[in-house]
Amino acid sequence: MYKYVDFIGAEAIIGQNTLKFSSPSSFNDPFEFHDGLVEYDISKKYFKEIIKRNTNDNTRIKRQLAIFEKEKEDFVVNLIDQFQSLKRETKICCFSFTNSNILMWSHYSLCHSGLCIQFDQKVLSDTFNKNSLISNVKYARNLNP
């Protein structure tokens, strides 16, 4: 994994042994973490699949589905609130799987004058706590209105 940085960022990483984690609200792409990327209108079928991942007890599944149908509006409001909270609390450090992306060099390494530092993904995973996540970005072609 690679991190494109300017010289100040490189000095922080190499000299001070630190990584910068940023809030999604500070990203240069206004569509990252956009509300339109989240589908809040969950179907009964999908909700049942989620429940089945956690239990095989048919009585519990039926009870949970009944609650979902009765309180679906509140459930959706709760999902929206959780997403908004996640946006506020999440901090992200971005990496790339390539060290030769011209756009990344342009944006993140001070117009091609910085550095691209290689990291071992396993070392990163082992370094951070269990609440941390290393994951690929999932890009969407369209935003829901």
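FYI, it's all coordinate maths here, none of it is from the lab. Nothing here was measured: the structure is a model prediction, and the numbers come from that model. Here the Cβ positions follow ideal geometry from the backbone for every residue, glycine too, while neighbour counts run over all protein chains shown.
So, R0 is 25 Å and r is the distance between the beta-carbons of Asp41 and Ile92; what FRET efficiency does that work out to, to 0.05?
The value I calculate is 0.40.
Residue separation times 0.36 nm, minus the C-alpha to C-alpha distance between His107 and Asn28: what's the value?
Taking His107 through Asn28 to full extension adds about 27.5 nm, to one decimal.
Sticking with the crude label model, points 7 Å out along Cα→Cβ, report the distance from Asn58 to Leu19 in nm, one decimal please.
About 4.7 nm separates the two model spin labels.
Fewest to most neighbouring Cβ within 10 Å: what's the order for Asp57, Asp126?
Exposure proxy ranking, most exposed first: Asp126, Asp57.
For Phe128 paired with Gln84, estimate the spin-label separation in nm (one decimal), with each label point 7 Å from Cα along the Cα-to-Cβ line.
2.6
For the cross-link pairs Lys44/Lys122; Lys48/Lys122; Lys3/Lys44; Lys48/Lys130; Lys70/Lys130, which exceed 32 Å when the distance is taken from alpha carbon to alpha carbon?
With Cα atoms farther than 32 Å apart: Lys44/Lys122; Lys48/Lys122; Lys3/Lys44; Lys70/Lys130.
Translational diffusion coefficient of region 33-91 at 25 °C, 0.890 mPa s, Stokes-Einstein with Kirkwood Rh over Cα pairs, in µm²/s as a whole number.
192
So how far apart, in nm, are the two label points at Lys48 and Asn136 if each is 7 Å from Cα heading toward Cβ?
A separation of 3.1 nm, rounded to one decimal place.
Excluding residues fewer than 8 places away in the same chain, name every one of the aspartates and glutamates whose C-alpha is closer than 20 Å to that of Lys20.
Reachable aspartates and glutamates: Asp6, Glu11, Asp29, Glu32, Glu89, Asp120, Asp126.
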